[in-house]
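Undergrad: Please read through the structure below; I'll follow up with questions.
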Amino acid sequence: MNNFLGPISSSSSDEDDFDDDELIMHTLLSTTHDIVRQRDESSNVEKKRRKSINQDRIMANELFVRDYFTTDSLYDLSKFEYRVRISIYLFVRIARDLENNYEFFQLRWDARGKRGFTTFQKYTSALRQLAYNIVADASDEYLKMSARTVRECTYLFCEYVIKLYGDIYLHNPTRSDVEQLYAAHQAKHGFPGMLGSLDCTHWV
C-alpha cells in the first residue's frame, strides 16, 4: 500500500481515542449505508464523456504522504483529524482492511503500464465527500482525481466498509454496548444518559 504506515501503526498502542473511534465507526457505517442505498436507487445514470487531463497522480500521493505521514510531516496529528474527521490510527486501520480485502483499493497498473491511484488517494477522496458533502470534482486539485473516479471510490468505500464492519457496528446494541456508549459520551461531552446523539458535540 504505502511505505509510510510503519511509524504510525507502531505507536497504535497509544490510542487514547479508542472510544472516540468506536463512536465514529458507528456514525460512518450509518452514513455509508445511506450512500449505498441511494446509489442502488439511481444506478442507471448516463455517463458523460470527459476530456482527458494529464494529471500527476504520483506527485499528488507523495504530497499527501509528506503532509501527514512522514516523521517530519508538514501537519500534525490534530490537523489530520480535523480535516479528515477521524484519527490517523483509525484511518490506517480502515486503509489496511480495504487494501487487504478488495482489489479496487489496491495500487494497480493499467494495460498501458500507467500507475493507478494509491489506497490513500482513493480512500481519502471518499472520506472527504462523506465528511464535507463536497462535489465529486473538489478532489481534482489536491488528489488529482476526476469526479467520476471520486464517485466510484465513494460508492465502493461505502459498500466495502459495510461488508467489513457492518456485523459489528450496525447490529442492534447489546446492554454492554449501550453502557459503553453511555460512558464514552458522558466522558467526552459531560451529558449522562445520552446515546447516539451528536447534537451537543459543540457544547462549550
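The values are calculated or read from the model by the stated rules, or taken from the named source; none is laboratory data. In this text, all values refer to a predicted model and were calculated from it rather than measured experimentally. Virtual Cβ from ideal backbone geometry, glycine too; neighbours counted across all protein chains shown. Surface areas here come from the heavy atoms of the whole protein model, side chains and all, with no ligands, DNA or RNA. Shrake-Rupley method; radii C 1.70, N 1.55, O 1.52, S 1.80 Å.
Undergrad: How about segment 139-151: which of its residues are free of Cβ contacts under 8 Å to residues at least 40 places away in the same chain and open to solvent by 50 Å² or more (accessible area, probe 1.4 Å)?
TA: 141, 151
Undergrad: Provide a single number: the residues in segment 79-111 that are aromatic (Phe, Trp, Tyr) and either in contact (Cβ under 8 Å) with a residue 40 or more places away in the chain or touching a Cys at 6+ places or on another chain (Cβ under 8 Å) (or both).
TA: 4
Undergrad: I've got another one for you. Yes or no: residue 132 within 20 Å of residue 119 (Cβ to Cβ), among the aromatic types (Phe, Trp, Tyr) and modelled with pLDDT under 85?
TA: Working: within 20 Å of residue 119 (Cβ to Cβ): no; among the aromatic types (Phe, Trp, Tyr): yes; modelled with pLDDT under 85: yes.
Judged against the criteria, residue 132 is not a match.
One line per residue, one yes/no per condition, for (1) closer than 18 Å to residue 60 by Cβ; (2) exposed (fewer than 13 other Cβ atoms within 10 Å of the Cβ); (3) under 17 Å from the mean Cα position of the chain (by Cα):
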{"site": "122", "(1), (2), (3)": "yes, no, yes"}
{"site": "166", "(1), (2), (3)": "no, no, yes"}
{"site": "173", "(1), (2), (3)": "no, no, no"}
{"site": "183", "(1), (2), (3)": "no, yes, no"}
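Undergrad: May I ask you to verify whether residue 49 is open to solvent by 100 Å² or more (accessible area, probe 1.4 Å) and at pLDDT below 60?
TA: It is true that residue 49 is open to solvent by 100 Å² or more (accessible area, probe 1.4 Å) and at pLDDT below 60.
Undergrad: Filter segment 74-101 down to the residues that are surrounded by fewer than 18 Cβ atoms within 10 Å (Cβ to Cβ) and not in a helix (DSSP H, G or I) and list them by number.
TA: Correct list: 74, 75, 76, 85.
Undergrad: Pairs please, first residue from segment 112-123 and within 13 Å of residue 153 (Cα to Cα), second anywhere and open to solvent by less than 20 Å² (accessible area, probe 1.4 Å) and of a type in the set (D, E, K, R), Cβ atoms under 9 Å, 6+ apart in sequence or on different chains.
TA: Every condition considered, the pairs that remain are 116/122.
Undergrad: On the basis of being within 23 Å of residue 25 (Cβ to Cβ), touching a Phe, Trp or Tyr at 6+ places or on another chain (Cβ under 9 Å) and surrounded by 15 or more Cβ atoms within 10 Å (Cβ to Cβ), does residue 106 make the cut?
TA: The answer is no for residue 106.
Undergrad: Can you find even one residue in segment 164-180 that is at pLDDT below 80, part of a helix (DSSP H, G or I) and more than 30 Å from residue 121 (Cβ to Cβ)?
TA: Within segment 164-180 (the criterion being at pLDDT below 80, part of a helix (DSSP H, G or I) and more than 30 Å from residue 121 (Cβ to Cβ)), the answer is no, since none of the residues qualifies.
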